[in-house]
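What follows is a single structure, written as C-alpha cells, with notes after it.
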2 protein chains.
Amino acid sequence: MTTEEPRRQRLTRAEAKARTRKLLLEAAAQTFARKGYAGSSVEEIAEAAGFSIGALYSNFGNKEELFLELSTTYNADRIAEASEVLLDQDADPVQAVNEVSRLLVDAADKDTDFSLLQAEFWLYAVRNPQVLDQMATRMRTPRAALEQLVGKSLETMPAPAEATPKAVATIVAALFEGLVRQRRIDPDQVPEELFGAALRWLFSGIEVSGREKKVAAPAKRKPAKRPRQG
Amino acid sequence: MTTEEPRRQRLTRAEAKARTRKLLLEAAAQTFARKGYAGSSVEEIAEAAGFSIGALYSNFGNKEELFLELSTTYNADRIAEASEVLLDQDADPVQAVNEVSRLLVDAADKDTDFSLLQAEFWLYAVRNPQVLDQMATRMRTPRAALEQLVGKSLETMPAPAEATPKAVATIVAALFEGLVRQRRIDPDQVPEELFGAALRWLFSGIEVSGREKKVAAPAKRKPAKRPRQG
DNA sequence: GTCTATACGTCGATAGAC
DNA sequence: GTCTATCGACGTATAGAC
C-alpha cells in the first residue's frame, strides 16, 4: 500500500488544493466580515483557515483576488439556495412572498456575517467601477427570480401600469435590505412581523391603486402564457 | 501695528483651531468615504485638509476619535437640515412624505459621499457594540421627526393597529436606505419616481387594511391628544 | 498651534526549503 | 503544495523645533 504509485492515492492532488481553497474562502468570509477588507490581513485569514501565508498566495493571486472570488462564490451559494426556494412556491404567490421574507429574516439573523459582507461588497463595488459592473451582472440572476415571484403575485391583482415586476421587485429588495440593516442596530425596532406587514401593505396598496384606475391598459401583455399546466 | 500685543489679534487663537478642526473633519469625510476607515491614513486626511499629521493629532486624540466625531457631527448637520424640512410641512401630510422623499433622493444623488459614509458608520457600529448604542441614540432625533411626520399622515386614514407611526417610520426609512443603495449600483433600475410610488402604495395599503378591519380597536389611544389647538 | 523628523509596529508579497 | 524567513513599504503615533 505504502509503495503504491502516487498517481492517485485518493484523488488527493487536485482535491487537496480545492479543499484548501474552500477553507481559505470560508476563513476569508469570517475575517472580512469581522474586520472589513482593508482591516483584514492575509496572515489573519490564513491562520483562521489553519494554513500559512504561502498557502494563501499559492491559491490566490493576492488579497484583492481572494476578496473578489469570495464576493462571487459567497453570493452564488446564497443565490442558489434562495432561487430554489423562491421558484419552488406553488402556494398563493402573495403568501409565498410572506413565507420567503420569513425565511430571509431567519437567514439574516442566523448568518450574522451576511449583512456585513454584503456591505463590504457594496462599498468595494461602489469604489471600483469595473467591479461594479460585475456585481450588477451577478445580481441579475437572483433579481430575475425575485421578479418572477413578484410577477406571479401581481398577476393575481389589478395592478397599475407603473407596478411592473421589475419596479416592485426593486422595492421589495430595498425594503428587505434596509430592514435587515436597521435590525442589526436595534432589533426591537424591527420585529420579524414588520417584514410581512410591510409586504402586505405594499401589495394591498398596489391592488387598490390598480382597482381605482380600473383595468390599467394591459395591452402590452403577451397572450402566450402558461405554456405548461394547461 | 506689528508690535501690538498678541492678546487678541482678531480672535484668532480659539477660532483658528476651530477652523482647522472643521477643515480636518471635511477632509476626513471625503477621505473616509473614498477609501473607507481602515483604508484611509491620517497622513492622507491631513494632506487633503492642507495640514500636517501633527496638526491632526493636535486636534484629535487619534484616528478613531476623528472618525467617531465625524460620525456625530456629519449626521448632526444632515439631521438638522432634514428635521427642519420634515417638520415644516403644512401641506397634506401624505403629499409631504412624497416631497420629502424627493428632497432626500436629490440630496443622495448630489452628495455621493453620503451613502458611503453611512455604510462606513454602520459597519463600524455593528463591529463595535459600545459605539452601536451611541449610534442608536443619535438616530433617535431624526427618527422621532420622521415618526411625527408619518404619524400625521396616519391620522388622516383608518390605519390598522399594527400600523403605528414607529413601525411605518421604520419601513419608510428602510425603504429609502435600500433604494438609495440600489441606485448607486444601477441607477436605471431605481428611477426617482420609484420612491414616491413605493410610499403611495405603502400608505394606500395601510389605509385599505384599516378600512377592511373597520375601526381597528383604537382602545389603546390616549384620549388626551391635541393639548393645544382645542 | 502647527510642522518636521522619527520610532516602532504591521502588512503585503516573495524566495527558497521541504 | 505548503511552510518559514525575510524584504521593502507604509501606517500610527510621538517628540521636539519654530
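Database remark: amide H of residue B:40 closer than 5 angstrom to no amide H (H placed geometrically; neighbours at sequence offset of 5 or more, or on other chains; Pro and chain starts carry no H). For the stretch A:127-216, trypsin sites (Lys or Arg not before Pro) are listed when DSSP marks them as loop and at most 16 other Cβ atoms sit within 10 Å of their Cβ; the list is A:213, A:214. A 1.4 Å probe run over the stretch A:15-61, with the rest of the protein chains in place, finds 50 Å² accessible per residue. Shape call for the stretch A:71-195 from the C-alpha gyration tensor, a ≥ b ≥ c root eigenvalues: rounded (a/c under 1.5), prolate (a/b greater than b/c) or oblate? In terms of gyration-tensor shape, oblate.
Between residue A:193 and residue B:110, what FRET efficiency comes out of the Förster formula 1/(1 + (r/R0)^6) with R0 = 35 Å and r the beta carbon distance, rounded to 0.05? It comes to 0.45.
Placing a pseudo-label 7 Å from each Cα along the Cα-to-Cβ vector at residue A:26 and residue A:80 gives an inter-label distance of 1.5 nm.
Entry comment: accessible area of the stretch B:64-214 is 45 Å² per residue, from protein heavy atoms only and a probe of 1.4 Å.
Could you work out the percent of alpha carbon pairs in the stretch A:15-61 separated by over 11 Å, rounded to a whole number?
On the way: 658 of 1081 pairs.
Within the stretch A:15-61, distances greater than 11 Å cover 61 percent of Cα pairs.
Computed with every protein chain present, the accessible area of residue B:157 is close to 20 Å² [probe 1.4 Å].
Solvent-accessible area of the stretch A:15-61 (1.4 angstrom probe, protein heavy atoms only): carbon and sulfur portion equals 51 percent. Taking the label point 7 Å along Cα→Cβ, residue A:144 and its counterparts in the other copies are spaced 5.0 nm apart, in ascending order.
Only four residue types carry charge here, +1 at the Cβ of Lys and Arg and -1 at the Cβ of Asp and Glu. Report the dipole size of the stretch A:15-61 about the Cα centre in Debye, rounded to the nearest 20.
Rounded to the nearest 20 debye, it is 140 debye.
The modelled label-to-label distance for the pair residue B:41/residue A:13, using points 7 Å beyond Cα in the direction of Cβ, is 4.5 nm.
Taking every C-alpha pair closer than 8 Å and separated by at least 6 residues, the mean separation divided by the residue count of the stretch B:15-61 gives a relative contact order of 36 percent.
Given a 1.4 Å probe and no ligands, DNA or RNA in the count, how much accessible surface is buried by A and B, both sides, to the nearest 100 Å²?
Using a 1.4 Å probe, the pair buries roughly 4300 Å².
With θ taken as phi - 60° and the Karplus curve 6.51 cos²θ - 1.76 cosθ + 1.60 applied, the whole-hertz 3J(HN,Hα) list for the stretch B:40-49 is 9, 9, 5, 4, 4, 5, 4, 4, 4, 8 Hz, x standing for glycine and proline. Which distances, shortest first and in nm, link residue B:130 to the matching position in the other copies, using label points set 7 Å out along Cα to C-beta? Taking the point 7 Å beyond Cα along Cα→Cβ, the inter-copy spacings are 4.2 nm.
With its label point defined 7 Å out from Cα along the Cα-to-Cβ axis, residue B:53 lies at 2.2 nm from the matching points of the other copies, in increasing order.
The values are calculated or read from the model by the stated rules, or taken from the named source; none is laboratory data. Quantities reported herein were computed from a predicted structural model and do not represent experimental measurements. Counting neighbours? That spans all protein chains shown, and the Cβs are built from the backbone with ideal geometry, glycine included. All accessible areas refer to the heavy atoms of the entire protein, side chains included, with ligands and DNA or RNA removed. Shrake-Rupley method; radii C 1.70, N 1.55, O 1.52, S 1.80 Å.
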